[in-house]
Amino acid sequence: MVPRSRQEGLLKGEGVTKILAIDPGISGAVAFYDPDRGHVDVYDMPLLDGDVDPRELTWLIQGYKPDIAVIEKVHPMPKEGVSGVWRFSAAYTTARVCVMLLKIPLTLVSPAMWKNRMGLKGGKEGKEQARSLAIQTFPDNHDRLKRKKDHGRAEAALLAVYAARTLIHRNPSP
């Protein structure tokens, strides 16, 4: 666990150079955002045999050395099957545990909170809206965000922007 005074300093923006944002789930993604440079790198959630690969996720995170992390605090959707809920929950838990074991200060944010703050709708319409906003915000990543199925990458990138604007009190304009 990060000492409280250091964690509070990080949340004020002192010494923060990289933000890790995770859109959890099998179709989720990971984003590393440098708010000072306005640069983001996005990756699909690493998978092994259809589940999140904790070793690969840990290596990916360690390679970027983020100062803080934000993970979308998700819950199962109504009418989802037991198997889907189980896999989704396992993916979410794996992401949280990897971040916690690396002792990165972690904030959980509900989808409604960060999407509302970023002006995004929920549901399928919101996913396409997020992809469009991410392309507009990060035009250098157009190739990594151009397909409809890249919505997880887009949401992870925008979650990182949300963190920069609200958690570390910066208003980046990439």
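The values are calculated or read from the model by the stated rules, or taken from the named source; none is laboratory data. Quantities reported herein were computed from a predicted structural model and do not represent experimental measurements. As a convention, Cβ positions derive from the backbone with ideal geometry for all residues, glycine included, and neighbour counts pool all protein chains shown. To get the accessible areas, we keep the full protein, side chains included, count just its heavy atoms, and leave off ligands, DNA and RNA. Shrake-Rupley method; radii C 1.70, N 1.55, O 1.52, S 1.80 Å.
When the pairs Lys18/Lys127; Lys65/Lys148; Lys73/Lys115; Lys103/Lys127 are compared against a 20 Å limit on Cα-Cα distance, Lys18/Lys127; Lys65/Lys148; Lys103/Lys127 fall above it. For the range 58-72, 3J(HN,Hα) computed residue by residue from phi via the Karplus equation (6.51, -1.76, 1.60; θ = phi - 60°) reads 4, 4, 4, 5, 4, x, 9, 6, x, 8, 9, 9, 9, 10, 5 Hz, glycine and proline entered as x. Rounded to the nearest Hz, the phi-derived 3J(HN,Hα) couplings of the range 96-103 under the Karplus curve 6.51 cos²θ - 1.76 cosθ + 1.60 (θ = phi - 60°) are 4, 5, 4, 5, 5, 5, 7, 6, where x marks glycine and proline. In this simple spin-label approximation, Leu102 and Ala90 carry label points 7 Å from Cα along the Cα→Cβ vector, and these lie 2.2 nm apart. As a length-normalised measure over Cα pairs under 8 Å and 6 or more apart, the relative contact order of the range 31-173 settles at 30 percent.
Couplings 3J(HN,Hα) of the range 113-129, computed from phi: 5, 6, 5, 4, 5, 8, x, 9, 8, x, x, 5, 4, x, 5, 5, 5 Hz, in residue order, whole Hz [Karplus 6.51 cos²θ - 1.76 cosθ + 1.60, θ = phi - 60°; x for Gly and Pro]. Distances between placed amide hydrogens fall under 5 Å for His39 paired with Asp34, all partners being 5 or more residues away or on another chain. A straight chain from Thr17 to Gln62 at 0.36 nm per residue would run longer than the Cα-Cα distance by 14.8 nm. One decimal place: the segment Asp49-Lys148 gains 33.3 nm when fully extended, by the rule 0.36 nm per residue minus the C-alpha distance. Model label sites at Lys73 and Asp140, defined 7 Å from Cα along the beta-carbon direction, differ in position by 3.3 nm. Size estimate for the range 17-174 follows the Kirkwood approach: the inverse of mean 1/r over distinct Cα pairs works out to 15.4 Å.
Between Arg117 and Asp36, the FRET efficiency estimated from the beta carbon spacing at R0 = 30 angstrom works out to 0.90.
For Ile68, the amide hydrogen comes within under 5 Å of the amide hydrogens of Lys18, Leu20, counting only partners 5 or more places away or on other chains and with H modelled in the peptide plane.
Ranked by solvent-accessible area (1.4 Å probe, protein heavy atoms only, all chains present), the residues Arg87, Arg37 order from largest to smallest as Arg37, Arg87.
Based on Cα atoms of the range 89-174, Rg over Rh with Rh as the Kirkwood radius reads 0.98. Amide H to amide H distances under 5 Å link Asp53 with Leu47, Leu48, where only residues 5 or more positions off or on other chains count and H is placed in the peptide plane.
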